[in-house]
1. Considering only residues that are small (Gly, Ala, Ser) and open to solvent by 10 Å² or more (accessible area, probe 1.4 Å), look in the stretch 282-304 and name the one that is farthest from residue 257 (Cα to Cα).
2. Could you grab me the full set of residues in the stretch 261-295 that are more than 21 Å from residue 245 (Cα to Cα) and modelled with pLDDT of 75 or more?
3. Here's a check for you: in the stretch 338-362, which residue that is open to solvent by 90 Å² or more (accessible area, probe 1.4 Å) and not small (Gly, Ala, Ser) is farthest from residue 372 (Cα to Cα)?
4. Would you please name the residue that is farthest from residue 229 (Cα to Cα), looking only at residues in the stretch 90-118 that are part of a helix (DSSP H, G or I) and β-branched (Val, Ile, Thr)?
5. Please go through the stretch 216-247 and pick out each residue that is in a loop (DSSP other than H, G, I, E, B), surrounded by fewer than 19 Cβ atoms within 10 Å (Cβ to Cβ) and touching a residue at least 12 places away in the same chain (Cβ under 8 Å).
6. Would it be correct to say that residue 117 is farther than 26 Å from residue 22 by Cβ, surrounded by 12 or more Cβ atoms within 10 Å (Cβ to Cβ) and among the hydrophobic types (A, V, I, L, M, F, W, C)?
7. Looking for something in contact with a Gly (Cβ under 6 Å, 6 or more places away or on another chain), over 23 Å from residue 336 (Cβ atoms) and among the charged types (D, E, K, R) - is there at least one such residue anywhere in the stretch 205-225?
8. Hey, can you tell me all the residues within the stretch 158-204 that are among the β-branched types (Val, Ile, Thr), part of a helix (DSSP H, G or I) and more than 29 Å from residue 245 (Cβ to Cβ)?
Amino acid sequence: MSDLSDWTVKLEVCVELGESRTVLVIDDGTVIESTPSENLKDNLTPPTTPERSQELLLSSLPPLILHLILPPNYPLHAPPQIVSLRATHSWFLRIPDLQDLLIDMWQAGEGVLYNWVESIRTAEFLTSMNIDYNSIIRLSHPAPHILSPHLASHDITILASQFSLNTYACAVCLESHKGTRCLQLSCGHIFCRSCLEAFWKLCIQEGDVGRVGCPDPECVWEAEEEEVARIVTPDEVERWRWLREKKAIEKDPTMLHCPLPFCQAAVPKPQGPVEDESGWSRLRTCQSCGFSFCSFCKRTWHGPLSDCPISVTESVVSEYVNLEEDSPKRVLIERRYGKATILRLVAKYEEDRSNAEWFTSSTMPCPGCRVHVEKSAGCNHMTCAKCAQHFCYRCGAQIDPSSPYKHFNIPGTSCWSKLFEFRPEDAEWQPVEAFDAL
């Protein structure tokens, strides 16, 4: 037991079965697996079906972690408030039923913590909940083949070490403590709970999740979730889990965040044989809120054939083009969006830029509908075929349809006497020799 505040306590109670007992881990049927016949339809080799139940011989079960608050009027008028109840390795799933059972044990004016601890330690609650029946403990679980090794490993550890009966020296505070006040990590090092609690809480608070592990400077082992949950509070466990996920996301350059402001969940790159040249490589679907969006423009998914808005595509491509070849930033962009996709967008970007330069130098937009017009021959008085607007091909100004040539007869303007313009290529024209024979 470790005091977390004046009225908050955390209990970790191992379940002692006494002599070896038969424990039957039964599949509860919540996980539906495909049958071999279904796999054969897909031309796949049928996997080995796990056993529906696992039988073990155990003398103890993993501990239950009880986090509770003692109200000021306990035990006279109110029972302890259970903040959380957790079974190590999730071997016990009927948590709400056990909470109701513990609350029913309280009687006004009498302490109940000792009875709670004894009920869990002696496995009496298993009998009260009809889990221990005819000397066989039946545990329902979604994956017996996964849970059983954890139960067996825990039992071997308890029988081999008798950890709580010995005294150990903590390498942090250099004091000796009974095993009940210490924790042996998976790496084998032993520290007192007070030192681990202070060290891990500081690391979680500062966001240094990589140091939540063995305090030994020569050991690089990182703590597992079950060990962290035995030391810190549930809120700190949630923060530790979030920091670990954030650390993993930052290592993956292909990871994006959901663009919806209320979600912001991490969205991984889709797995499977999706070619980078295909527009489907831009599709991302948030597993948290279900929003499908484009990895480039971060907008609602617009399909594999429709292009992103030009402004969004240009921002990515222009940044890529301005970087030096094989630079770390350019490699990062290639890994995030796919090298083939980036090269395809660069080619399209350069083609669009060339087209824009040609439009600017070789065409004139209609002042009415902005449709670009190219003149191959004739005078500079143009009439738009789309909106019938009269305009000057030289300067793009609108022209009065009732007097279209007045624009070219105003002295001092740039278009004065420029209804027809002499072009150097016109001087190079020569009559075809065959015309002389006609």
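1. From the stretch 282-304, those small (Gly, Ala, Ser) are 288, 290, 292, 295, 303; that's our starting set.
Adding the requirement that they be open to solvent by 10 Å² or more (accessible area, probe 1.4 Å) leaves 288, 290, 292, 303.
Values: 288: 11, 290: 13, 292: 12, 303: 19 Å.
Ranking the qualifying residues of the stretch 282-304, first place goes to 303.
2. 280, 281, 282, 283, 292, 293, 294
3. Step one: filter the stretch 338-362 for residues open to solvent by 90 Å² or more (accessible area, probe 1.4 Å), giving 339, 351, 353, 357-358, 360-361.
Filter once more, keeping what is not small (Gly, Ala, Ser): 339, 351, 353, 357-358, 360.
Working: 339: 35, 351: 18, 353: 16, 357: 13, 358: 11, 360: 9 Å.
The selected residue is 339.
4. Step by step, filter the stretch 90-118, then rank; the result is 103.
5. Correct list: 216, 219, 221, 224.
6. Criteria not met by residue 117.
7. Among the residues of the stretch 205-225, at least one is in contact with a Gly (Cβ under 6 Å, 6 or more places away or on another chain), over 23 Å from residue 336 (Cβ atoms) and among the charged types (D, E, K, R), which makes the answer yes.
8. 158, 180
The values are calculated or read from the model by the stated rules, or taken from the named source; none is laboratory data. Fair warning: this is a prediction, and the values are worked out from it, not measured in the lab. Note: ideal-geometry Cβ built from the backbone for every residue, glycine included; neighbour counts use all protein chains shown. SASA here: full protein model, heavy atoms, side chains in, ligands and nucleic acids out. Shrake-Rupley method; radii C 1.70, N 1.55, O 1.52, S 1.80 Å.
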